[in-house]
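So the structure is just underneath, and the comments pick up after that.
No lab work stands behind these numbers, since they all come straight from the coordinates. This one's a predicted model, so the numbers in the text were calculated from it and none came from an experiment. Every residue, glycine among them, receives a Cβ derived from its backbone with ideal geometry; neighbour counts consider all protein chains shown.
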Amino acid sequence: MVTAIVRFPMGAGVREPEPSDRRAADAAWSSLSYLLGGIAVWGGAGWLVDHWLGTYPALSVAGMLLGIAGAIYLVYWRAGR
């Protein structure tokens, strides 16, 4: 049995993204993580307080809205600098 090894140059035909493309993608992922993180953290805090006080779902919804508002503020603040 004969085995042949074929070697291709690394990165043949693959274009490296431009730095501006990379910055735009990083900003988009950061914005998404702020939104999801805000909803998860503040919604989770509201859920915990809801179960402690027995007021479900009032504070869970308020926590999620607070998380979204905070995330939008952070995205706006980061885009402004």
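Could you derive backbone 3J(HN,Hα) for the range 42-59 from the dihedral phi with the Karplus parameters 6.51, -1.76 and 1.60 (θ = phi - 60°), listing whole Hz in sequence and x where the residue is Gly or Pro?
Those phi angles translate into 6, x, x, 5, x, 5, 4, 5, 4, 5, 6, 8, x, 10, 4, x, 4, 6 Hz.
Which distance in nm do the two modelled labels at SER20 and ALA69 give, with both placed 7 Å along the Cα-to-Cβ direction?
So the label points at SER20 and ALA69 sit 3.7 nm apart.
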